[in-house]
Amino acid sequence: MANVILVGAQWGDEGKGKIIDVLTETSEIVVRTQGGNNAGHTVFIGRDKYVLHLIPSGILRPNKVCVIGNGVVLDPVGLVGELDGLARLGIPVTPANFQISETAHIVFPWHRQLDGARETRKGKDKIGTTKRGIGPAYGDKAARVGMRMIDLINRERFPAKLRERLAENNEVIQALGGTALDYDQLLAEYTAAGDRLRPFVKNTVLFLHEASQRGANILFEGAQGTFLDIDHGTYPYVTSSNTTSGGACTGSGVPPNRMDKVVGVLKAYTTRVGEGPLPTENAVISDLLHGMGREFGATTGRARRCGWFDAVATRHAAMVNGIDELAITNIDGLDTVADIQVCVAYRVDGQLLRHLPSDSEVLARCEPVYEHFPGWSTPTDAITQFSDLPVNCRHYLLSIAQLTGARLTIASVGPAREQTMFL
Ligand code: IMP
């Protein structure tokens, strides 16, 4: 399998957690390279449901090493909570199967406060963030005032750094009408988390380099999706990291010439959480999916906005990620739809566009041009062979893969491992 980068090819929530779990079977190491606990990867094993926010879902399989790379922003208190949750489920997490990059940046409560305060001030123009402090934490990293794991676990250095950063941030918080944070409380909380995490903190760049040299299979798991990428997404309605395949290199220290394949995960339709343009958004399909109890966020529980498959967008995703192979998920969500629509172009200002405009305001005004596909009106969730899928379903899946411009290799008809077909 070699080194595989897995990315979301839409607006996040493509079902990456499940595909990562399936691909982990043939990987030795799974690395998370960007984002923070804004992500929520849901994995079902038998009847048990696991939602992981920071720890790669590879942790649920024995004999895999999971790594949080340098590109991640990490809430140490949240991470300790996640470790406790796994311990309660009897899943062992030790320095032998879990490592944290010493240069990953830390999320503090002031980042969350600033995230919330900025959203409130934006009013109707808000981004609709997860309020996990992701934007302000990456902002500090870029402004070179962030703190890293290497600082947190250094008991001599951390208190003074914390005092200095807190003083500045308390001024900002108070200016925005918030309540100042207490130094002693924060120091106690973060020192305790640092003590708990210290055994896992390593030079993960060296570890990954050595593993790659000896030929280990490494899976780089993406969080969020292509159109939430800080550079290639629908800015400013994006997250603050590179969710596209390049982020796997910068967020891990593994160079591009060590990567062998990019797998893009897509839903058979489109969803988005938070604000920002979504050209194919459609009330009929939203009501249908929500009525089935689907499409509610794993991290915030928010109802996702839903729409038809947007091949203009996924073609763009294939281009910026260099997607070789596609995994299409949530196929069963369309089982009862008689007339399925796929957006193949946009119409805006009297022009026909076959590419994604860079300006989110223009994208918001784009009218989708649809091609129609006949539905299959048959439950697919118990089907285990691609050739056993209804002919209309196979035709639909192969068509959206062709429109996207990559080879379909995985089709998923439900959350369980068994509901996965390989082509
Ligand atoms: P932030 O990452 O919390 O700053 O949120 C920025 C945007 O990214 C918002 O529209 C969020 O809803 C969206 N977002 C962040 N994480 C995820 C995710 O894991 N899945 C889907 N959308 C996400």
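Between residue 84 and residue 365, the distance separating the two model label sites (each 7 Å from Cα on the Cα→Cβ line) works out to 5.2 nm. Counting only DSSP beta bridges whose two residues both lie in the chain, roughly 40 percent are antiparallel.
So, counting K/R as plus one and D/E as minus one, what does the shell of residues with Cβ under 12 Å around residue 7 add up to? It would help to have the intermediate numbers written out before the result.
Numbers: positive: 16, 261; negative: 14, 221, 229, 324, 325.
Value of the local net charge: -3.
Amide H to amide H, with H built 1.01 Å from N, residue 265 comes under 5 Å of 7, 8, 9, 327, counting only residues 5 or more places away or on other chains.
Taking 0.36 nm per residue of separation and subtracting the Cα-Cα distance, full extension of the segment from residue 290 to residue 402 would add 37.5 nm. For residue 370, the solvent-accessible surface with a 1.4 Å probe is about 70 Å², rounded to the nearest 10.
For the stretch 336-347, the Karplus equation 6.51 cos²θ - 1.76 cosθ + 1.60, evaluated at θ = phi - 60°, returns couplings of 9, 8, 7, 10, 9, 10, 10, 7, 10, 6, 10, 10 Hz by residue, with Gly and Pro reported as x. Summing charges over all other residues whose Cβ lies under 13 Å from the Cβ of residue 389, with Lys and Arg as +1 and Asp and Glu as -1, gives -3.
Which entries of 18/49; 64/141; 124/267; 49/267 show an alpha-carbon separation above 18 angstrom in the structure shown? Violating the 18 Å limit, Cα to Cα: 64/141; 124/267; 49/267. Each part gets one Cα centre, and for the stretch 404-423 versus the stretch 269-345 those centres are 16 Å apart.
For the stretch 105-200, the Cα-based Rg and Dmax, in that order, read 13.9, 44 Å. For the options 292, 259, 149, a Gaussian network treatment of the chain with springs between C-alpha atoms closer than 10 Å singles out 292 as fluctuating the most. Is the shape of the stretch 24-183 rounded, prolate or oblate, going by the alpha carbon gyration tensor and its root eigenvalues a ≥ b ≥ c, with a/c under 1.5 for rounded and a/b larger than b/c for prolate? Cα axes put the stretch 24-183 in the prolate bin.
Quick one: net charge of residue 304's neighbours, Cβ under 14 Å, K/R +1, D/E -1? Can you show the working numbers first?
On the way: positive: 267, 272, 294, 302, 305; negative: 13, 14, 275, 281, 287, 295.
Net charge around residue 304: -1.
Positive-end ranking of 134, 162, 177 along the dipole of the stretch 105-200, with charges on Cβ about the Cα centre, is headed by 134.
For the stretch 153-312, the spread of Cα positions along the three principal axes, ordered from largest to smallest, is 57, 53, 28 Å.
Using C-alpha pairs below 8 Å separated by at least 6 residues, the relative contact order for the stretch 105-200 is 28 percent.
Using DSSP to call loops (not H, G, I, E or B), can you name the GluC sites (Glu not before Pro) in the stretch 1-93 whose Cβ has at most 12 other Cβ atoms within 10 angstrom? Passing sites in the stretch 1-93 are 25.
Its relative contact order, with pairs defined as Cα atoms under 8 Å and 6+ residues apart, puts the chain at 20 percent.
Taking the empirical scaling 2.2 N^0.38 Å for compact globular proteins as reference, the chain has a Cα radius of gyration ratio of 0.98.
The gain in end-to-end length when the residue 143 to residue 336 segment is fully stretched comes to 64.5 nm, 0.36 nm per residue minus the alpha carbon separation.
Computed over the stretch 357-423, the Cα gyration tensor eigenvalues convert (square root of 5λ each) into semi-axes of 29, 14, 12 Å, ordered from largest to smallest.
If you rank 196, 304 by how much accessible surface each has, with a 1.4 Å probe, what is the order from largest down?
Values: 196 100, 304 30 Å².
Accessible-area ranking of 196, 304, largest first: 196, 304.
Once the chain from residue 2 to residue 150 is taken as fully extended at 0.36 nm per residue, the excess over their C-alpha distance is 50.3 nm.
How about the stretch 34-142: which trypsin sites (Lys or Arg not before Pro) there lie in a loop by DSSP and see at most 10 other Cβ atoms within 10 Å? Sites meeting the loop and neighbour criteria: 47.
Each stretch of four or more DSSP H residues adds -39500 (n - 2.57); spread over every residue of the chain, this sum gives -9500 deg cm²/dmol at 222 nm.
The values are calculated or read from the model by the stated rules, or taken from the named source; none is laboratory data. Remember, predicted model here, so these are calculated numbers, not experimental data. Cβ sites come from the backbone with ideal geometry, for glycine too, and all protein chains shown count toward neighbours. Please note that ligands, DNA and RNA were not included when accessible areas were found on the heavy atoms of the full protein model with its side chains. Shrake-Rupley method; radii C 1.70, N 1.55, O 1.52, S 1.80 Å.
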